[in-house]
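Chemist: This structure is in structure tokens; I'll ask about it shortly.
The values are calculated or read from the model by the stated rules, or taken from the named source; none is laboratory data. The structure presented is a predicted model; accordingly, all values stated were derived computationally and were not measured. FYI the Cβ positions are ideal-geometry reconstructions off the backbone, even for glycines, and counts take in every protein chain you see. Note: accessible area is taken over every heavy atom of the protein model, side chains too, but ligands, DNA and RNA are not part of it. Shrake-Rupley method; radii C 1.70, N 1.55, O 1.52, S 1.80 Å.
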Amino acid sequence: MGRHTPLFSLHQELGARLVDFGGWDMPVQYSSQIGEHHAVRRASGVFDVSHMCVVDLRGDRVRPFLEHLIANDPGKLRERGKALYSCMLNESGGVIDDLIVYFIAEDWFRMVVNAGTRDKDLAWIREHATAFGVSVEERADLAMLAIQGPEARAKFAKLLTPAGAQAALALGTFYGRDIDGWFIARTGYTGEDGFEVMLPARDSVRLWQDLNALGVASCGLGARDTLRLEAGMNLYGNDMDETTHPLESGLAWTVAFEPASRNFIGRRALEDIRRKGSERKLVGLLLEDRGVLRSHQKVIVPGVGEGEITSGTFSPTLERSIALARVPQATGEKVQVDVRGKLLNARVVRPPFVRLGKPCIQVHAA
Amino acid sequence: MSKVPADLKYTRTHEWVRTLSDGLVEVGITDHAQHALGDLVFVEVPEPGRQVAPGEPVAVVESVKAASDVYSPLAGEVTERNEQLATAPELINQDPFGAGWMMRIKPANPAVLAELMGAPEYEALLQAEGG
């Protein structure tokens with residue numbers, strides 16, 4: 001048996017199909033994965049993401065610690081509440097994890113890291129925090145719900161006090177703050193507007209049921225995966241890991257080489273790679289033939305070489321298969337993918353595939 | 001609880017077989033199988049004229065989550081395939097024993113049909129598998 005979030009019994013009552021996800025028993029779907037996907041694109045859905053790991057970092061030197069620990073620049077966090085997406089790298093530039101860090105106060109930052117990497121992340125963070133006198137506290141007392149979709153913010157706000165609702169609806173994109181005793185952030189992993197809410201575990205079942213009563217659909221990790229892939233967002237362990245670096249993972253935009261004086265872990269290795277030029281890149285693929293792209297399928301780039309699909313699925317919005325793939329730098333617009341022994345044609349595109357309910361790439365009839 | 005129509009034959013790999021009046025058999029995947037796979041998004045069925053052997057992978061069903069082989073329940077020749085599945089794979093989810101049929105086969109030896117599982121036996125198998 002795996003670990004359980006505070007919402008586990010509710011998922012069972014709701015008839016969810018539960019699967020192992022990084023050591024946790026998590027709902028993969030309630031009724032229909034595609035139905036849940038569309039609910040988020042067209043209206044609103046709620047996900048249990050309590051398996052993710054919330055870490056509070058406190059101390060007078062938290063900021064210099066983060067400047068050392070993460071590849072993006074915490075200097076971008078000037079206003080309280082601002083959030084920053086970043087990778088945490090090892091010395092060779094490999095990705096230990098991707099994360100979001102929130103600037104709560106000058107001596108208090110909050111980090112959210114992946115569930116499957118919890119133990120190694122915490123060990124790594126603690127190892128480096130000591131020198132900065134920073135305390136590292138895992139907030140296992142908090143549950144986390146993601147409420148996503150064009151109607152998500154308005155529906156969720158109905159469950160807050162009038163002042164709380166006003167404050168929540170005033171949050172800018174990629175900002176979070178404490179409202180009515182909950183930490184509410186305008187972030188997500190779906191390509192839609194919405195909130196991620198960190199709240200005491202005891203409040204979480206009630207919040208879920210109240211959201212359902214307002215018509216917010218219960219959504220599983222299956223829909224979360226198709227939504228994030230349509231949104232062109234990477235999944236740790238699939239699209240990047242410790243053997244790959246951000247510059248070949250579509251994450252160059254998250255690496256801050258300026259200011260040059262900031263000596264973050266992995267910087268030297270990445271500078272070498274940048275100087276020589278990355279040999280591979282992560283691209284989006286749209287399958288032009290019928291079939292479904294899956295991770296680990298081989299990508300053939302005529303006249304150039306080979307690559308591999310890192311994440312692939314069927315896009316419910318485009319009604320076509322899409323993927324992220326790591327391919328040679330010289331890859332042009334056309335590739336082929338070995339799908340169960342057949343070579344199918346795919347077009348190289350720039351993610352996202354879908355954003356805020358709308359296709360971002362043109363799909364021709366098959 | 002999955003539906004298991006009493007008038008069909010079944011395989012251990014969750015295909016169903018219906019004997020038609022003209023001696024052909026119709027093949028599809030069971031309600032249990034479609035439920036386990038989830039929303040189907042792509043189905044590949046064999047060309048008519050293809051000779052198939054029992055246990056041979058002859059079709060592919062892909063859901064959002066995964067791809068799965070469909071095995072021929074018996075030896076014979078494929079005479080027809082359900083062309084509608086190319087554009088409407090969800091027919092298998094909606095009506096696995098009816099509109100979601102996959103192919104028709106002319107059995108090489110109709111006597112082998114008697115060796116396939118009946119409904120009570122298939123139900124017992126599902127129970128043993130925890131489904």
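Chemist: Just tell me the longest site-free run in chain B, where the sites are trypsin sites (Lys or Arg not before Pro) in a DSSP loop having at most 15 other beta-carbon atoms within 10 Å.
Modeler: The longest uninterrupted stretch comes out as B:13-131.
Chemist: I'd like the trypsin sites (Lys or Arg not before Pro) in the range A:124-185 restricted to DSSP loop residues with at most 12 other Cβ atoms within 10 Å, sorted by number.
Modeler: Loop-located and lightly packed - A:Lys158.
Chemist: In this model, which of B:Lys3/B:Lys106; B:Lys9/B:Lys106; A:Lys298/B:Lys65; A:Lys342/B:Lys65; A:Lys76/A:Lys281; A:Lys276/A:Lys334 are farther than 23 Å apart at the alpha-carbon?
Modeler: Working: B:Lys3/B:Lys106 26 Å; B:Lys9/B:Lys106 16 Å; A:Lys298/B:Lys65 19 Å; A:Lys342/B:Lys65 20 Å; A:Lys76/A:Lys281 26 Å; A:Lys276/A:Lys334 25 Å.
Going by Cα-Cα distance, B:Lys3/B:Lys106; A:Lys76/A:Lys281; A:Lys276/A:Lys334 fall outside the 23 Å limit.
Chemist: How far apart, in nm, are the 7 Å Cα→Cβ label points at A:Glu306 and A:Asp289?
Modeler: 1.7 nm
Chemist: Run the simple label-point estimate for A:Lys276 and A:Phe257 please: 7 Å along Cα→C-beta, distance reported in nm.
Modeler: Output for this residue pair reads 1.5 nm.
Chemist: Kindly write out, for the range A:41-54 in residue order, the coupling ³J(HN,Hα) from the Karplus curve 6.51 cos²θ - 1.76 cosθ + 1.60 (θ = phi - 60°), rounded to whole Hz, with x marking Gly and Pro.
Modeler: Each residue's phi maps through the Karplus curve to give 5, 9, 9, 6, x, 10, 10, 8, 10, 5, 6, 5, 10, 9 Hz.
Chemist: Let me ask something else about it. Where Rh denotes the Kirkwood radius from the mean inverse Cα pair distance, what is Rg over Rh for the range A:1-129?
Modeler: Details: Rg = 17.3 Å, Rh = 16.6 Å.
Ratio value, two decimals: 1.04.
Chemist: For B:62-68, what's the mean count of beta carbons from other chains sitting within 10 Å of each residue's beta carbon?
Modeler: The mean count of partner-chain Cβ atoms within 10 Å per residue comes to 6.
Chemist: Starting at the first residue of the range B:67-84, write each ³J(HN,Hα) from the Karplus equation 6.51 cos²θ - 1.76 cosθ + 1.60 with θ = phi - 60°, in whole Hz, x for Gly and Pro.
Modeler: 9, 9, 7, 10, 9, 5, x, 7, 7, x, 10, 6, 9, 7, 10, 7, 5, 5
Chemist: Given a 1.4 angstrom probe, I'd like the percentage of the accessible area of the range B:12-110 that is carbon and sulfur, rounded to a whole number.
Modeler: 49 percent
Chemist: Could I ask something else about it? Counting only other chains, what is the mean number of Cβ atoms within 10 angstrom of the Cβ of each residue in peptide A:257-268?
Modeler: 0
Chemist: Using R₀ = 51 Å, calculate the FRET efficiency as 1/(1 + (r/R₀)^6) where r is the Cβ-Cβ separation of A:Glu137 and B:Asp22; round to 0.05.
Modeler: Efficiency at R0 = 51 Å is approximately 0.10.
Chemist: Could you pull out every residue, at least 5 positions away or on a different chain, whose amide H is within less than 5 Å of the one on A:Ser249? Hs are placed 1.01 Å off N in the peptide plane, and Pro or chain starts have none.
Modeler: Distant-sequence amide H within range of A:Ser249: A:Leu282.
Chemist: Follow-up. Run through every distinct alpha carbon pair of the range B:53-124 and return the Kirkwood hydrodynamic radius in angstroms, one decimal place.
Modeler: In the range B:53-124 this quantity evaluates to 13.7 Å.
Chemist: Let me ask something else about it. Rank A:Val292, A:Val216, A:Val54 by mean-square fluctuation in a GNM of chain A with C-alpha springs under 10 angstrom and give only the top-ranked residue.
Modeler: In this elastic network of chain A, the residue with the biggest mean-square fluctuation among A:Val292, A:Val216, A:Val54 is A:Val292.
Chemist: Another question, if that's okay. Say the dipole of the range A:87-183 comes from +1 at the beta carbon of Lys and Arg and -1 at that of Asp and Glu; which of A:Ala154, A:Phe183, A:Ala140 then lies farthest toward its positive end?
Modeler: Looking along the dipole axis, the top candidate is A:Ala154.
Chemist: A:Arg3's amide H: which non-local residues (gap 5+, or another chain) put their own amide H closer than 5 Å, with H modeled 1.01 Å from N in plane and none for Pro or chain starts?
Modeler: Placed amide hydrogens put A:Trp24, A:Asp25 under 5 Å from A:Arg3.
Chemist: Just to verify a number: what accessible area does A:Ser9 come out at with the full protein assembly present, 1.4 Å probe, Å² rounded to tens?
Modeler: 70 Å²
Chemist: Express the accessible area of chain A per residue in Å², computed with a 1.4 Å probe while the remaining protein chains stay in the model.
Modeler: With all protein chains present, chain A gives 41 Å² per residue.
Chemist: Using only helices, what value at 222 nm comes out for chain B when you add -39,500 (n - 2.57) per DSSP H run of length 4 or more and divide by the total residues, to the nearest 500 deg cm²/dmol?
Modeler: -4500 deg cm²/dmol
Chemist: Also, quick follow-up: For the range A:187-209 and the range A:331-362, what is the separation of their Cα centres, given in Å?
Modeler: One Cα centre to the other: 32 Å.
Chemist: Using only the alpha carbon atoms of the range A:87-132, find the Kirkwood hydrodynamic radius as the inverse mean reciprocal pair distance, in angstroms to one decimal. Provide the component values of the computation, followed by the final result.
Modeler: Details: mean 1/r = 0.0867 Å⁻¹.
This gives a value of 11.5 Å.
Chemist: Taking Cα pairs under 8 Å and at least six residues apart, what relative contact order does the range B:12-110 come out at, in percent?
Modeler: Relative contact order, the range B:12-110: 33 percent.
Chemist: Dipole magnitude of the range A:279-366 about its Cα centre, charges +1 at Lys/Arg Cβ and -1 at Asp/Glu Cβ only, in debye to the nearest 20?
Modeler: For this selection, approximately 180 debye.
Chemist: If you don't mind, another one. Report, by chain and number, residues whose modeled amide H sits under 5 Å from the one on A:Arg320, excluding near sequence neighbours (fewer than 5 apart, same chain).
Modeler: A:Ser315
Chemist: Tell me, what HN-Hα J-couplings in whole Hz come from the Karplus equation 6.51 cos²θ - 1.76 cosθ + 1.60 at θ = phi - 60° for each residue of the range A:57-68, using x for Gly and Pro?
Modeler: 10, 10, x, 5, 10, 5, 5, x, 4, 5, 4, 7
Chemist: Run a plain Debye calculation on chain A (Cα atoms as equal point scatterers, no solvent) and give log10 I(q)/I(0) at q = 0.12, 0.13 Å⁻¹, rounded to two decimals, same order as the q list.
Modeler: Here the Debye-derived log intensity ratios amount to -0.93, -1.09.
Chemist: If you put +1 on each Lys and Arg Cβ and -1 on each Asp and Glu Cβ, how big is the dipole of the protein assembly as shown around its Cα centre, in Debye rounded to 20?
Modeler: 1440 debye
Chemist: Going by Cα centres, the range A:83-118 and the range B:77-115 are how many Å apart?
Modeler: 51 Å
Chemist: From other protein chains only, count the Cβ atoms within 10 Å of every residue's Cβ in B:34-43, then give the mean.
Modeler: What the average comes to for B:34-43 is 4.
Chemist: For chain A, what does the helix formula give at 222 nm: sum of -39500 (n - 2.57) over DSSP H segments with n ≥ 4, over the residue count, nearest 500 deg cm²/dmol?
Modeler: -6500 deg cm²/dmol
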